[in-house]
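Encoded as structure tokens, the structure appears first; notes follow it.
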Amino acid sequence: MDINETIKSQLSENAIILYMKGSPQAPQCGFSSKTSQALMACGERFAFVNILDNQELREGLKIYSSWPTYPQLYVSGELVGGCDIIMEMSENGELATLLKEATKQAEA
């Protein structure tokens, strides 16, 4: 399976997925830490991928998404954005709404 197929598979299997450095319990950069904390505060389950474990994925995802930095949050297969966007959405309540809707659709 090539890297684009891997990414597409991960996105289709997970309503909410965060590509980050480290894990939510042990983030390996401040941006990943802030983003995962914002997601956890919403109370919805989400998948994550530690991009530091896979160089091919780390480089391939930048091309796939046309987004050069990490973390990257995908909801319902669509790129939402990185840390700054997620923090803004968290502060204004949009993130919780988006995640709840995605979870509800995935369960239907």
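The values are calculated or read from the model by the stated rules, or taken from the named source; none is laboratory data. Treat the numbers as computed from the prediction; the structure is a model and nothing was measured. Cβ: placed from backbone, ideal geometry, glycine included. Neighbour counts: every protein chain shown. The area values use the complete protein model at the heavy-atom level, side chains included, leaving out ligands, DNA and RNA. Shrake-Rupley method; radii C 1.70, N 1.55, O 1.52, S 1.80 Å.
Worth a mention:
- Under 5 Å, built H, 5+ apart or other chain: amide partners of Q28: K21, G22, S23
- Restricting the trypsin sites (Lys or Arg not before Pro) of the stretch 25-108 to loop positions (DSSP other than H, G, I, E, B) with no more than 14 neighbouring Cβ atoms within 10 Å leaves R45.
- Cβ-based net charge around G77, under 12 Å, with every Lys or Arg adding one and every Asp or Glu removing one: -1
- Take the Cα of I63, step 7 Å toward its Cβ, do the same at A41, and the gap between the two points is 3.6 nm.
- Contour minus Cα-Cα distance for K100 and E56 (0.36 nm per residue): 12.7 nm
- Available extension along the chain between E88 and S9 is 25.6 nm, counting 0.36 nm per residue and deducting the alpha carbon span.
- Of the solvent-accessible surface of the stretch 1-64, computed with a 1.4 Å probe over protein heavy atoms with every protein chain present, carbon and sulfur atoms account for 47 percent.
- Taking the convex hull of Cα positions in the chain, its mean projected area over all directions (nm²): 6.3
- Dipole magnitude of the stretch 8-101 about its Cα centre (Cβ charges: Lys, Arg +1; Asp, Glu -1), debye to nearest 20: 200
- Converting phi to 3J(HN,Hα) with the Karplus coefficients 6.51, -1.76 and 1.60 and the offset θ = phi - 60°, the stretch 84-93 yields 4, 5, 5, 5, 4, 5, 5, 5, 9, x Hz in sequence order, with x at every glycine or proline.
- The residues of the chain have, on average, 56 Å² of accessible surface per residue, using a 1.4 Å probe with all protein chains present.
- For the chain, the tally of Lys pairs with Cα-Cα distances below 23 Å comes to 8, considering only residues 8 or more apart or on different chains.
- Amide H contacts for G81 (H built 1.01 Å from N in the peptide plane; partners 5 or more residues away or on another chain; cut-off under 5 Å): L73.
- Taking every DSSP helix (H) stretch of at least 4 residues in the chain, weighting each as -39,500 (n - 2.57) and dividing the sum by the residue count yields a mean residue ellipticity at 222 nm of -17000 deg cm²/dmol.
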